[in-house]
Amino acid sequence: MESSDKVVETVIVGNYVEMETEGKPRDIKSKVSKFFWHGGSVYDAWFSCASNQVAQVLLTLPYSFSQLGMLSGILFQLFYGLLGSWTAYLISILYVEYRTRKEREKVDFRNHVIQWFEVLDGLLGKHWRNVGLAFNCTFLMFGSVIQLIACASNIYYINDNLDKRTWTYIFGACCATTVFIPSFHNYRIWSFLGLLMTTYTAWYLTIASLVHGQVEGVKHSGPTKLVLYFTGATNILYTFGGHAVTVEIMHAMWKPQKFKAIYLLATLYVLTLTLPSAAAVYWAFGDALLNHSNAFSLLPRSPFRDMAVILMLIHQFITFGFACTPLYFVWEKAIGMHECKSLCKRAAARLPVVIPIWFLAIVFPFFGPINSTVGSLLVSFTVYIIPALAHMFTFRSPAARENAVEQPSKYFGKWVGTYIINIFVVVWVLIVGFGFGGWASMTNFIHQIDTFGLFTKCYQCPTQLPPSPPPQLLNATAPLPPPPANVSLPHHHIHSR
């Protein structure tokens, strides 16, 4: 068995190592470029997963805690963190299975990035491919929309001279530059910096809230309504459902079969950021968070807060690229540009992908509620239900289980334990995530539309006070002085009539 495993590993890695070692850098400039720009190690994958998993959602988790209450908020984070790690593991197993089968057939992936819908197509057929493609693309599109909305929401707390809609126009143009980043190989330095940025922001939120202390008369009344409870729960489902780009990250690795535990390790680190920050902000501000979905809005302005806002803006630009790059690949394949060697031609071909994202960010600027809606309707299927079902159907026959490239660990109870866990994931997410979560988040989302309207200019902005009247107008409203003694008022003429 060990020798066959070694053969499999060689098959999986063969073409990939060839592809990456062709034209090795010979001068210092090329070596520096490779160091910053071209990553494919286990560490690169860990940074990519951890950086991509928590971005703007870090700022909405205190809002979720106000809906759920402290205990439920903590438990849901731990539970969905484990659930997300399990389905990311399933996706990695299916990727390795698909790639091994294809490379045994001498398929060359030298200029081709494997994506999730292709894995489904190769293992289960075109119907699975179509469903996977529809959910994945829609989720990634709205994931990119959320990053744009978050950019506008955050910059407003530094510069409120422009409304949030105008900031969305500006950041839409900035984020469009991600068309020039070829693939996930080239996110090496960005992933590293992105994780540093979220780490700073999380600990800023934690420390600033503790230093600020509890506001006067603070209340922690959550959970109060089922609608709010399940809305908060689905935002956390969304938080740990960032593995829609797992296949692309794996494909960017030199040895993709080493990915199995990476997402779990990334999740464990992310929990050290999300739990303290959400708990501390909720402790300090309590129910005030119910009307403030962005945690920055309640903390007093300071150089530390401004730094956190700026770092989150840069990180959201990076996360926009993470969410949008798989969409770029799908579009390139659809129009026959995916294997084009010219970066400029590919960048120009990718631009139409950004336009609908830009438009949707202007239509639905509901920072916070949109996360829960996307979580319940899209994330629930894309990264929880479909991978669990796909794994069960791929290995449903005894022959498929016997010849599987990766056998389930004895710690999971081999195949029986794996199937039990998969069935639990499907049933739980279908009922709680999609069912109750969909009802609650859509109810909340419609409430936002009714309250603020589509295309709202400045979502949840503080009400501007009317300008003070000029001094002469102020004097005009003062009581008139009494008339001189020799002047009589005409009121007696009125009575005489």
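The values are calculated or read from the model by the stated rules, or taken from the named source; none is laboratory data. This structure is a prediction, so every number in the text was calculated from the model and none was measured. Every residue, glycine among them, receives a Cβ derived from its backbone with ideal geometry; neighbour counts consider all protein chains shown. Please note that ligands, DNA and RNA were not included when accessible areas were found on the heavy atoms of the full protein model with its side chains. Shrake-Rupley method; radii C 1.70, N 1.55, O 1.52, S 1.80 Å.
With a 10 Å radius around each residue's Cβ, average the other Cβ atoms per peptide and rank 289-300, 190-201, highest first. Spell out each step's value before the answer.
Values: 289-300: 19.5, 190-201: 21.6.
Ranked from most to least packed, the peptides come out as 190-201, 289-300.
So if the hydrodynamic radius of the range 366-420 is defined as the Kirkwood radius over C-alpha pairs, what does Stokes-Einstein give as its diffusion coefficient at 10 °C and 1.306 mPa s, in µm² per second? Don't skip to the answer; put the middle values down first.
Details: Rh = 13.2 Å.
Answer from the Stokes-Einstein relation: 120 µm²/s.
Could I have the simple spin-label model distance between Y169 and H212, label points 7 Å from Cα toward Cβ, reported in nm to one decimal?
3.1 nm
Using only the C-alpha atoms of the range 234-361, find the volume of their convex hull and express it per residue in Å³. Walk me through the intermediate numbers first.
Working: hull volume 21.8 nm³, N = 128.
Hull volume over Cα atoms, normalised by residue count, gives 170 Å³.
Do any of K255/K414; K260/K345; K126/K255 go past 31 Å between their Cα atoms, and which? Please list the in-between numbers first.
On the way: K255/K414 24 Å; K260/K345 35 Å; K126/K255 28 Å.
From the list (K255/K414; K260/K345; K126/K255), the Cα-Cα distance tops 31 Å for K260/K345.
How much area per residue is accessible in the range 153-296 when the probe is 1.4 Å and only protein heavy atoms are counted (Å²)?
Values: 5190 Å² over 144 residues.
Averaged over the residues of the range 153-296, the accessible area is 36 Å².
May I ask you to give the percent of accessible area on the range 334-410 that is carbon plus sulfur, with a probe radius of 1.4 Å? Walk me through the numbers on the way to the answer.
Values: 2030 of 3080 Å².
Exposed carbon and sulfur together represent 66 percent of the surface.
Local charge sum around N52 (other residues, Cβ-Cβ under 13 Å, Lys/Arg +1, Asp/Glu -1)?
Values: positive: none; negative: D44, E248.
Neighbour charge sum, excluding N52 itself: -2.
Pick out, from P398, C324, A347, the residue whose Cα sits farthest towards the positive end of the charge dipole of the range 320-406, with +1 on the Cβ of Lys and Arg and -1 on the Cβ of Asp and Glu.
Result: A347.
Using the heavy atoms of the protein chains and a 1.4 angstrom probe, tell me the accessible area per residue for the range 52-124 in square angstrom. If you can, show how the numbers build up before the last one.
On the way: 2040 Å² over 73 residues.
Result: 28 Å² per residue.
Measure off, as a whole percent, the carbon and sulfur share of the 1.4 Å-probe accessible area of the range 175-272, all protein chains present. Could the numbers behind the result be given before it?
Details: 2600 of 3670 Å².
That fraction is 71 percent.
Order these peptides, 390-397, 56-63, 225-232, 312-319, by their mean beta-carbon neighbour count within 10 angstrom, highest first. Present the calculation step by step, with values, prior to reporting the outcome.
Numbers: 390-397: 17.8, 56-63: 27.0, 225-232: 21.4, 312-319: 23.4.
My ranking of the peptides, most packed first, is 56-63, 312-319, 225-232, 390-397.
Using Cα pairs under 8 angstrom and six or more residues apart, how large is the relative contact order of the range 215-340, in percent?
On the way: 34 pairs, mean separation 44.6, N = 126.
Taking the mean separation of contacting Cα pairs over the length of the range 215-340, I get 35 percent.
Give the peptides 268-280, 342-354 in descending order of average Cβ contacts within 10 Å, highest first. All intermediate terms of the calculation are to be shown ahead of the outcome.
On the way: 268-280: 20.7, 342-354: 15.6.
Result, highest mean first: 268-280, 342-354.
With Cβ to Cβ distances under 13 Å as the rule, what net charge do the other residues near S92 carry (K, R +1; D, E -1)? Kindly include the intermediate steps, with their values, before the conclusion.
On the way: positive: R99, K255, K258, K260; negative: E97, E248, E406.
Value of the local net charge: +1.
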